[in-house]
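**Student:** Below: one structure in structure tokens.
The values are calculated or read from the model by the stated rules, or taken from the named source; none is laboratory data. Every value quoted in this text rests on a predicted model; they were computed, and no experiment measured them. Here the Cβ positions follow ideal geometry from the backbone for every residue, glycine too, while neighbour counts run over all protein chains shown. Each accessible area value is taken on the protein alone, full model and side chains, heavy atoms only, with ligands, DNA and RNA left out. Shrake-Rupley method; radii C 1.70, N 1.55, O 1.52, S 1.80 Å.
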Amino acid sequence: MSSMPQPRLTDIGPPHYEKYLHPLIKKNYGQWRYHENLAPGVYCHVAESGDRIYTVRAGTPRLLSVQTLRRFADLADKYSGGYLRFTSRNNLEFLLDDPARIEPLKQELIARGYPVGGTNNAISNIVHTQGWIHCHSSATDASGLVKCVMDAVYERFTHEDLPAKLRIAVACCLNMCGAVHCSDIAILGVHRLPPKIQHGTLPRVCEVPTLIASCPTGAIRPATVEGKNSVSVVEQQCMYCGNCYTVCPAMPMNDADNDGLSIWVGGKVSNARSAPKFSKLAIPFLPNNPPRWPEVVESVVKIVDVYAKHARKYERVGEWIERIGWPRFFRLTGFEFTRYHIDDFKHAALTYARSAHVRY
Amino acid sequence: MPDDETKTELLDELEKGPWPSFVKEIKSAAQTSASAQDLLRQLELSYREKKGHWKHGGLVGVLGYGGGVIGRYSDAGDQFPGVAQFHTLRVNQPAGWFYTSEALRTICDIWERHGSGLTNLHGSTGDLILLGARSAELEPTFQELAQAGFDLGGSGSSFRTPSCCVGMARCEWACYDAMKLCYDLTMAYQDEMHRPPFPYKFKLKCAACPNDCVAAIARADLSIIGTWKDSIQVDESAVTNYASEGLNIQKEVCDLCPSKCMDWDGRKLSIEDHECVHCMHCINVMPKALRPGMERGAVIMIGGKAPIMQGALLSSVLVPFVPAEELMDTLKELIRRVWDFWDEHGNSRERIGEMIQRVGLPAFLDGIGLDPVPEMVSEPRDNPYIFYQAGKDGEK
């Protein structure tokens, strides 16, 4: 055979999922009858046919080396016929047809440092962004925050002892690649100073009309600086979203002393019981304090503990707070209520108390 | 190299504690990869200075694609040459994030040859992320991936890589085949994914039931959320079993039903199904006794997004119910009309949801030729400033 160069391939799309499905899953696809939770991190799904597939779920740091991925592949070969999947929250799941292999797999995962859990009324793994590992606009690091918070709530991952599921997310700027805006607890990196305009490079690297249009509050105005086209920022109108920096690299936002974290609570995406809702501001600012971010960790643990103690069974964080009222949430957590907690952007008035229903 | 440049005292702190450590992962890759070594050193500097060291993205990619690669350059490339160019490839994940050990090893082998050996499984939108390639490695990596059956996902103002929940593969609540729909839509819009044609990004997520395990309502411009139209299926003896095993059905199920459509008299559970809002709570609590109905499909919702720029939005109802078997055809027609309207009326960097806020849902519905229905709103308007169409073209 001659060594003909292979034709260049494009637009082939992802591999078809069917070739990665466990034979039992392929056989019972769309024919599942019910499931049972055998232990934290372990599900059994039962098909109409009577077949059973067992899932063992483990937490991962999301950032994975090829060495670790190969280790996961080896574990899959050893325990689950080579079949595995990942969840939307960066957990790893092995799919087993033999219940006798559940316990040995669990033990091996734990021994290798991968906690088994994250199901039902546990804290699952944290959805997060890239942070200092790979992002230009991040106000903080995401992986580090996740590691510190999960270290602190580790037992809540491996046990299912909360009133309901609890979902945490971390985003390192307002772009929210981690979509923290609908999480039970959200940690959000924030900038607090306007962009530092680099007038020298701006005319070369940015398109001024696009830059002006990028500002949600119209704070960016055209300006001539030393005879060159540039912009000025009405600083009182800037709410530090960083959108201008995304369209123009000459508007950097990063500031080691003023960047930090805010904490948001009570969001959910599930439709169960109450409608999906946004997370609301709990703490407007905490310092960026690597490598262990003690202020952030302490605040998250506080929210989790107070929620665990006071919420009723099935109540998500947001549902619990709606029942007891926000004033009591602030009293129970000891978090200070400040002027920053009152919305003053679009639709702000919808959040003002428009009844005399006050809890005393 | 001076000693202090190889020390990572701050990051070493993150090897401690019970949760698996991403620092260990970088160190593991660093044993064979110079770029992972420099990532570690640059990250230590970021931890020391409390500041990121990545420059704004640049225009890099693979031949013929305008998406799928995120350009990334270090602002300290002289100090850390291994990350001077450290681009990301977004690899379109298999639907439902299912893999075999063999598939994972194939990706690992390719990535070890061409990049840092670091990955994310997965990125926030759903792609398998290969983190850290030099510009010259992008095309060879892409072609090796393609020969192995993988393609790149979306980035920039493109149709972003759709994702879906586990659906019918392992969930009894799937109201439509989310993995198939996700795959079929991905294949239908390869051009829009790889050659960004839009005013801004467009995300689509398929959740097979209202529990919405992929956060479709919050994270997708077009959210396809499975539901059913007829009665919840009840296995009465299984309900009785739950009660006899100690479940307080009145308190834990009926009292928490948002529309109070259920009644438990101590022996029998009655459901007023036309009052059910399909929230899933009762089914979640009693999976052996209750199941979604037989007439299954999805509600199609539009406009969800994170804050940039005018504020976060949840998707809202566009089509209250589409039968499962009609989903693909209905969506293709709907997506065509939505994209046409957005193409014509959307501003640069304006997501669909923000455009609808700006032009108003009624004008958007006119534009895509959809009749208004009460399911689209939580309540009718309460303000009398109505833009009456009397006297306008076409108004009787």
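**Student:** Would you mind pulling out the separation of the Cα centroids of segment B:8-34 and segment B:304-376, in Å?
**Tutor:** With segment B:8-34 and segment B:304-376 each reduced to a Cα centre, they are spaced 44 Å.
**Student:** Further question: Just tell me the longest site-free run in chain B, where the sites are chymotrypsin sites (Phe, Trp or Tyr not before Pro) in a DSSP loop having at most 16 other beta-carbon atoms within 10 Å.
**Tutor:** B:1-384
**Student:** If you take the accessible area of A alone plus B alone and subtract the pair, what total do you get in square angstrom, rounded to 100, with a 1.4 Å probe?
**Tutor:** 10300
**Student:** Indicate the residues belonging to segment B:289-313 that lose 20 Å² or more of solvent-accessible heavy-atom surface (probe 1.4 Å) upon moving from the chain alone to the assembly of all protein chains, ignoring ligands and nucleic acids.
**Tutor:** B:ARG291, B:ALA306, B:PRO307, B:ILE308, B:MET309, B:GLN310, B:ALA312
**Student:** Mind checking the angle between helix B:178-188 and chain B's longest principal axis? C-alpha axes, 0 to 90 degrees, to the nearest 10.
**Tutor:** So the helix axis and the longest Cα principal axis differ by about 60 degrees.
**Student:** Still on this structure, I have one more. Taking the Cα centre of chain B as the origin, how large is its charge dipole in debye, to the nearest 20, when only Lys and Arg (+1) and Asp and Glu (-1) carry charge on their Cβ atoms?
**Tutor:** The calculated dipole for chain B is roughly 560 debye.
**Student:** Have a look at B:GLU49, B:GLU25, B:GLU144 and tell me which one the Gaussian network model of chain B (Cα, springs below 10 Å) gives the largest fluctuation.
**Tutor:** Result: B:GLU49 has the largest fluctuation of those listed.
**Student:** First measure r as the distance between the Cβ atoms of B:ARG48 and A:GLN67, then evaluate 1/(1 + (r/R0)^6) with R0 = 30 Å and state the FRET efficiency to the nearest 0.05.
**Tutor:** 0.65
**Student:** With everything on Cα atoms, drop me the angle between helix A:142-152 and the longest principal axis of chain A, reported from 0 to 90° to the nearest 10.
**Tutor:** Roughly 60 degrees, rounded to the nearest 10.
**Student:** Let me ask something else. Which far-off residues, 5 or more places away or on another chain, put their amide H under 5 Å from the one on B:GLY132, with H placed in the peptide plane?
**Tutor:** Under 5 Å from the amide H of B:GLY132 lie the amide H atoms of B:HIS87, B:THR88, B:LEU89, each far enough along the sequence or on another chain.
**Student:** I need the trypsin sites (Lys or Arg not before Pro) found in segment B:204-233, filtered to DSSP loop residues with at most 16 other beta carbons within 10 Å of theirs.
**Tutor:** B:LYS229
**Student:** Can I ask one more? Within chain A, what whole-number % of the accessible surface is contributed by carbon and sulfur, with the 1.4 Å probe and all protein chains included in the calculation?
**Tutor:** 53
**Student:** Helix-only mean residue ellipticity at 222 nm, chain B, DSSP H runs n ≥ 4 weighted -39,500 (n - 2.57), per residue, nearest 500. What is it?
**Tutor:** -9500 deg cm²/dmol
**Student:** Using Cα centres only, tell me the gap between segment B:169-209 and segment A:266-345 in whole Å.
**Tutor:** 32
**Student:** Can you give me the long-range amide H partners of A:THR119? Hydrogens built in the peptide plane at 1.01 Å from N, cutoff under 5 Å, separation of 5 or more residues or another chain.
**Tutor:** Residues meeting the amide H criterion: A:GLY41.
**Student:** Right, another one. Using 0.36 nm per residue, how much length does the chain from A:GLU108 to A:VAL358 gain when fully extended, once their Cα-Cα distance is taken away?
**Tutor:** 84.7 nm
**Student:** For segment B:317-331, in order, what is each residue's ³J(HN,Hα) by Karplus, 6.51 cos²θ - 1.76 cosθ + 1.60 with θ = phi - 60°, in whole Hz (x at glycine and Pro)?
**Tutor:** 5, 10, 10, x, 7, 10, x, 3, 6, 9, 4, 4, 5, 4, 5
**Student:** If you take every residue apart from B:GLN190 with its C-beta less than 12 Å away from the C-beta of B:GLN190, what net charge results, scoring Lys and Arg +1 and Asp and Glu -1?
**Tutor:** -4
**Student:** If the reach is capped at under 16 angstrom between alpha carbons, list the lysines near B:LYS55, excluding any in the same chain fewer than eight residues apart.
**Tutor:** A:LYS196
**Student:** With the full set of protein chains in place, find how many percent of the accessible area of segment B:64-183 is carbon and sulfur; take the probe as 1.4 Å.
**Tutor:** Using a 1.4 Å probe with all protein chains present, segment B:64-183 comes out at 50 percent carbon and sulfur.
**Student:** Sticking with this one: Taking only protein heavy atoms into account and a 1.4 Å probe, give the accessible area per residue of segment A:236-323 in Å².
**Tutor:** 35
**Student:** Using only helices, what value at 222 nm comes out for chain A when you add -39,500 (n - 2.57) per DSSP H run of length 4 or more and divide by the total residues, to the nearest 500 deg cm²/dmol?
**Tutor:** Values: 11 runs with 93 residues, N = 360.
Calculated from helices alone, the mean residue ellipticity at 222 nm is -7000 deg cm²/dmol.
**Student:** Another one. Student exercise: in segment A:224-357, how many lysine pairs 8 or more apart or on different chains have Cα atoms under 18 Å apart? List each step's numbers first, then the result.
**Tutor:** Values: A:LYS268/A:LYS277; A:LYS268/A:LYS280; A:LYS268/A:LYS313; A:LYS277/A:LYS346; A:LYS280/A:LYS302; A:LYS280/A:LYS346.
So the count of such lysine pairs works out to 6.
**Student:** Taking amide H atoms as placed 1.01 Å from N in the peptide plane, list the residues 5 or more away in sequence, or in a different chain, whose amide H sits under 5 Å from that of B:LEU318.
**Tutor:** Residues meeting the amide H criterion: B:ILE300, B:MET301, B:ILE302.
**Student:** Can I ask one more? On average, how much accessible surface per residue is there in segment B:185-300, in Å², for a 1.4 Å probe, leaving out ligands, DNA and RNA?
**Tutor:** Ligands and nucleic acids excluded, the result is 38 Å² per residue.
**Student:** Would you mind telling me which residue in B:GLY77, B:GLY132, B:GLY68 has the biggest mean-square fluctuation in a Gaussian network model of chain B, where springs connect alpha carbons within a distance under 10 angstrom?
**Tutor:** B:GLY77
**Student:** If you keep only loop residues by DSSP, which GluC sites (Glu not before Pro) in segment A:200-295 have at most 14 other Cβ atoms within 10 Å of their Cβ?
**Tutor:** On the way: sites: A:GLU207, A:GLU226, A:GLU235, A:GLU295; in loops: A:GLU207, A:GLU226.
Sites meeting the loop and neighbour criteria: A:GLU207, A:GLU226.
**Student:** Please build a GNM for chain A, connecting alpha carbons under 10 Å apart, and tell me which residue among A:GLU93, A:GLU319, A:GLU18 fluctuates the most.
**Tutor:** A:GLU18
**Student:** Show me the GluC sites (Glu not before Pro) within segment B:189-258 that DSSP assigns to loop and that have at most 13 other Cβ atoms within 10 Å of their Cβ.
**Tutor:** Answer by residue number: B:GLU245.
**Student:** Residue by residue through segment A:238-247, what is 3J(HN,Hα) from phi via Karplus (6.51 cos²θ - 1.76 cosθ + 1.60, θ = phi - 60°)? Round to whole Hz and write x for glycine and proline.
**Tutor:** Once θ is set to phi - 60°, the couplings for segment A:238-247 become 7, 10, 6, 6, x, 4, 5, 5, 5, 8 Hz.
**Student:** To continue, here is another question. How many Å² of accessible area per residue for segment B:15-149, probe 1.4 Å?
**Tutor:** 32
**Student:** How far, in degrees from 0 to 90, does helix A:294-310 lean away from the longest principal axis of the Cα atoms of chain A, to the nearest 10?
**Tutor:** 60
**Student:** I would also like to ask the following. Check the cysteines of chain A one by one and keep only those with no other cysteine Cβ under 4.7 Å from their own.
**Tutor:** Isolated Cys, chain A: A:CYS44, A:CYS135, A:CYS148, A:CYS172, A:CYS173, A:CYS177, A:CYS182, A:CYS215, A:CYS238, A:CYS241, A:CYS244.
**Student:** Calculate one ³J(HN,Hα) per residue across segment A:51-63 by plugging θ = phi - 60° into the Karplus curve 6.51 cos²θ - 1.76 cosθ + 1.60, and present them in order as whole Hz with x for glycine and proline.
**Tutor:** Along segment A:51-63, the couplings run 4, 10, 10, 10, 10, 10, 10, 9, x, 10, x, 6, 7 Hz.
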